[in-house]
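The values are calculated or read from the model by the stated rules, or taken from the named source; none is laboratory data. It should be emphasised that the depicted structure is a prediction, and the values quoted were computed from it without experimental measurement. Don't worry about glycine lacking a Cβ; one is built from the backbone with ideal geometry, like all the others, and counts go over all protein chains shown. These area figures cover heavy atoms from the full protein model, side chains too; ligands, DNA and RNA do not enter into them. Shrake-Rupley method; radii C 1.70, N 1.55, O 1.52, S 1.80 Å.
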Amino acid sequence: MSSHVQSGMAMKGRDPQTGFHAARYSDGEMAAIAERQGLRMPRSIAQLHGVASAARVDQNVRLLTRSLVLGDPMLVAVQKGYKIISTPSGCLEVHAGEAVLIEAGEAIDVENVPDGDGLYQAHWIAFDNRLLAALDAREGDAREGGGDRRTVASPVNAPNSEVQEVFLDSVERACEAILKECVAPAAVGRPRVMELLAWVEELCGFLPRPARCSTTGRVRALLTEDLAARWTTDQLARRLGLSEATFRRRLAQEGTSLSVLLTEMRMGQALRLLQSTDLPIIQVAFSVGYESPSKFAGRFRSRFGFPPSSLRLAAPPAVPAM
């Protein structure tokens, strides 16, 4: 079953402003039609449980996000502008028409750079760790051959433009299956994501790794259930079958704490919601556990170096959802 963080994707029927039948067009075609009319497609983050989540990022300001840690491995396909990813091993630029695979659990610096028309746009798909763990367990050592080429951020690009076009079509089809249930029912989503993973393995020589099974990783998985909840050390320790003292000690050994993890995950989710949905900032704050929008804005600025409103400036009007 697919679920949306924010409802707003165009569904069946004729849109009164654009005049096209949403269900008959791909996401890219709908975006192109909307762009010609000075509109923007509504945005949401959708999840196909146990498989993947997907969204589209629209950004019209150049912003640098430091020390970003992903909970799930993510494939990003850039459509406009370019992305700069800095890791301990170097810097990678991903331009329009290119894609990158980013591993989970590693800190990276990310900068999205708008094109000459002032827009950065990309699709991303985050692969569920449960799916990757199942593939890893089933395939075993057969997937180790390309490990020597694996980096935190690996380019996923075909040897020629014709193959690259087919690969990017696979990315769009997988996103479409997750984001637009009216076009592709949930049962279609998993095969399309599996097809995309096959492309990743073919072009990279390896599949994304599931997140390491550490105490930090297990806590991240629990916190994801409800980032707005008032989580306590006792509550999480019991969920993991640990004493509070052991729970604290293990997190400390891994260089973190519950308060650090919770704040980082809340800010990371807030960043995703601001980049990939049209939720009002106050609703974003509530969804990640902040009752005070001003406290949320202060914490967000402290973490990322810019206010939440920076990601919402000069946005063109959205196409009304049907």
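Per-residue accessible area (protein heavy atoms, 1.4 Å probe) orders His95, His123, His49 as His49, His95, His123, starting from the largest.
Computed from backbone phi with θ = phi - 60° and the Karplus coefficients 6.51, -1.76 and 1.60, the 3J(HN,Hα) list for region 77-94 is 10, 7, 10, 9, x, 8, 10, 10, 10, 10, 10, x, 8, x, 10, 10, 9, 10 Hz; x is used for glycine and proline.
Dipole size of region 258-302 about its Cα centre, with +1 on Lys/Arg Cβ and -1 on Asp/Glu Cβ: approximately 120 debye, rounded to the nearest 20. Between Phe286 and Ala137, with labels modelled 7 Å along Cα→Cβ, what's the label distance in nm to one decimal, could you check? Result for the modelled spin labels: 3.9 nm. Once all protein chains are placed together, Asp117 keeps about 140 Å² accessible to a 1.4 angstrom probe.
Inter-label distance, Leu240 to Val166: 4.5 nm, where each label sits 7 Å from its Cα along the C-beta direction.
Coupling constants for region 115-129 follow from the phi torsions by the Karplus curve (6.51 cos²θ - 1.76 cosθ + 1.60, θ = phi - 60°), and in residue order they are 7, x, 8, x, 9, 9, 9, 7, 9, 10, 10, 9, 7, 5, 4 Hz; glycine and proline get x. Residues of region 73-101 with the amide nitrogen closer than 13 Å to a label point 7 Å from the Cα of Asp115, along Cα-to-Cβ, please. Taking a point 7 Å out along Cα→Cβ of Asp115, the residues of region 73-101 whose backbone N falls under 13 Å are 78-83, 95-98.
Measuring r between the beta carbons of Glu195 and Ser309 and using R0 = 56 Å, the FRET efficiency lands at 0.90. Which of the three applies to region 195-317, rounded, prolate or oblate, going by the alpha-carbon gyration tensor with a ≥ b ≥ c and a/c under 1.5 meaning rounded? Oblate. The local environment of Glu103, defined by Cβ-Cβ distances under 11 Å, has a net charge of +1 under the rule Lys, Arg +1 and Asp, Glu -1.
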